[in-house]
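Heads up, the thing below is written out as structure tokens.
The values are calculated or read from the model by the stated rules, or taken from the named source; none is laboratory data. Because the structure is predicted, anything quoted here is derived from the model rather than measured. Cβ placement follows ideal geometry from the backbone for every residue including glycine, while neighbour counts extend to all protein chains displayed.
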Amino acid sequence: MEYEPPQREETIRKGITGFLEGGPLSAKELSKLAGIPEKEVYTHLEHIQRTLKNAGKALNVLPPKCKHCGFEFRKRERLKKPGRCPVCRSSHIEGPLFSIG
Ligand SMILES: [Zn+2]
């Protein structure tokens, strides 16, 4: 019988951290690389962000951008992709890209 070892989460976070050190990636790309759902990627990213802060590093977030009018979501605190553009109301949003600096 298989069971999930408690270190699983830690292993996933280490993996994601490694991918991020290789360059800017979207949550979608990270989900493929780590083999976990996109919504779980955000949970891990929030955790990684705190860990990095303690280590004197930072999670760099390239702001999401509206594909329709080019609006950039610069003031955004949350990591998740916004639903709609506040300027043109388009839902064609290019998600944020993450890297480690
Ligand atoms: Zn727009």
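Matching residues to (1) over 20 Å from Gly101 (Cα atoms); (2) modelled with pLDDT of 95 or more:
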{"site": "Arg8", "(1), (2)": "yes, no"}
{"site": "Leu30", "(1), (2)": "no, yes"}
{"site": "Lys39", "(1), (2)": "yes, no"}
{"site": "His44", "(1), (2)": "no, yes"}
{"site": "Cys85", "(1), (2)": "yes, yes"}
{"site": "Arg89", "(1), (2)": "yes, yes"}
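Here's a check for you: in the range 78-101, which residue that is of a type in the set (A, V, I, L, M) and touching a residue at least 60 places away in the same chain (Cβ under 8 Å) is nearest to the ligand (Cβ to nearest atom)?
It comes out as Leu97.
Which of (1) crowded, with 17+ Cβ neighbours inside 10 Å; (2) within 9 Å of the chain's Cα centre (by Cα); (3) part of a helix (DSSP H, G or I); (4) in contact (Cβ under 8 Å) with a residue 40 or more places away in the chain is the odd one out, the single condition Val41 does not satisfy?
Only one criterion is unmet by Val41, namely (4).
Looking only at the range 44-61, filter to residues that are hydrophobic (A, V, I, L, M, F, W, C) and crowded, with 16+ Cβ neighbours inside 10 Å; which one of those is nearest to the chain's Cα centre (by Cα)?
Leu45
Are any residues in the range 49-77 in contact (Cβ under 8 Å) with a residue 12 or more places away in the chain, assigned to a strand (DSSP E or B) and within 13 Å of the ligand (Cβ to nearest atom), and if so, which ones?
Listed by number, the residues that qualify are Lys65, Cys66.
What is the number of the single condition among (1) at pLDDT below 95; (2) touching a strand residue (DSSP E or B) at 6+ places or on another chain (Cβ under 9 Å) that Thr17 does not meet?
For Thr17, the exception is condition (1).
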